[in-house]
Amino acid sequence: MSFAIATQKRRSIRALQPISPIPDSSIIELASSAILHVPSAFNSQTTRLTILFSEAHLKLWSITASTFETHLGAERYNSGPADRIAGYMKGYGTILFWDDVEVVEQARNGAPDVYKDKMDEWMHQSNGMHQYYLWVALEEQGLGVNVQHYNPLIDGEVKKEWAVSDSWRLRAQMVFGLPEKGIVVGEKEQKLAIEERLKVFGGEGES
Ligand SMILES: Cc1cc2nc3c(=O)[nH]c(=O)nc-3n(C[C@H](O)[C@H](O)[C@H](O)COP(=O)(O)O)c2cc1C
């Protein structure tokens, strides 16, 4: 599948099964590829990934469930979050996206003055690029993918469970698994006409 087609096909798929059409080694290879090849400002390489399969994936979502139940109280937790979290637990695995803020500080120190206040923004952009690359790449392999943000409430427990460095900050949780049979993802609403969001000047594209 071409990159352009994979981009068009990518959606948020939240109804997942604990099955993968590809071996774990292929998922690890895609994550390695993201780490090695996705760009970062001044090549600072601030993004970190943790891949959780099987019991580690289940552990993440049980940490999330108990943290949110304590935080929200049983009534609010059971009025929506409980079902959503149970749904993510049904996936095959989760990739955690982190930034190493110690490395960002080093990059900031080495950056020209005019860019020093941009380093946080660029760290987030690079992290988002890692997320997008893996979102498209996993879907292209037949997996359903969605991105969640239960950080920072779960950070403490997650860092303890997997002995994560103090300097890593959790940014996103990417859940993946085989899409449930028969799920239909509706047409995506476009809030403005393309012409309102894409302007072309010069060349053959100018209207
Ligand atoms: C930066 C960002 C944050 C998002 N956060 C969440 C989230 O916390 N939970 C969730 O279910 N979806 C999340 N999404 C998915 C969006 O809701 C989704 O991409 C959007 O509605 C468009 O639908 P599509 O992904 O099917 O094209 C996020 C997407 C982006 C780009």
Listed residues Val175, Val164, Val184, most fluctuating in the chain (Gaussian network, C-alpha, under 10 Å): Val184
Hey, if you put +1 on the Cβ of every Lys and Arg and -1 on every Asp and Glu Cβ in the chain, which of Phe97, Leu16, Asn127 ends up farthest toward the positive end of that dipole? Leu16
Size of charge dipole - the chain - debye, nearest 20, with Cβ of Lys, Arg +1 and Asp, Glu -1, no other charges: 380
Evaluate Rg over Rh across the chain, taking Cα atoms for both radii and Kirkwood's formula for Rh. 1.01
Quarter of the Cα convex hull surface for the stretch 99-207, i.e. its orientation-mean projected area (nm²): 12.1
Contact order relative to length for the stretch 3-197, counting C-alpha pairs under 8 Å separated by 6 or more residues, stands in percent at 36
Measuring from its Cα centre, the stretch 146-194 shows a charge dipole (+1 at each Lys and Arg Cβ, -1 at each Asp and Glu Cβ) which, in debye to the nearest 20, is 120
Which of the pairs Lys59/Lys188; Lys9/Lys191; Lys9/Lys181; Lys9/Lys90 have their Cα atoms more than 24 Å apart in this structure? Lys59/Lys188
Restricting to DSSP H runs of at least four residues, report the calculated mean residue ellipticity at 222 nm for the chain, -39500 (n - 2.57) per run over all residues, nearest 500 deg cm²/dmol. -14000 deg cm²/dmol
Any chance you could get the radius of gyration and Dmax over the Cα atoms of the stretch 1-45, in Å? 14.0, 39
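None of the figures in this text is laboratory data; all of them are computed from the coordinates on show. No experiment lies behind these values; they were computed from the predicted model shown. Note that each Cβ is placed from the backbone with ideal geometry, even for glycine, and that neighbours are counted across all protein chains shown.
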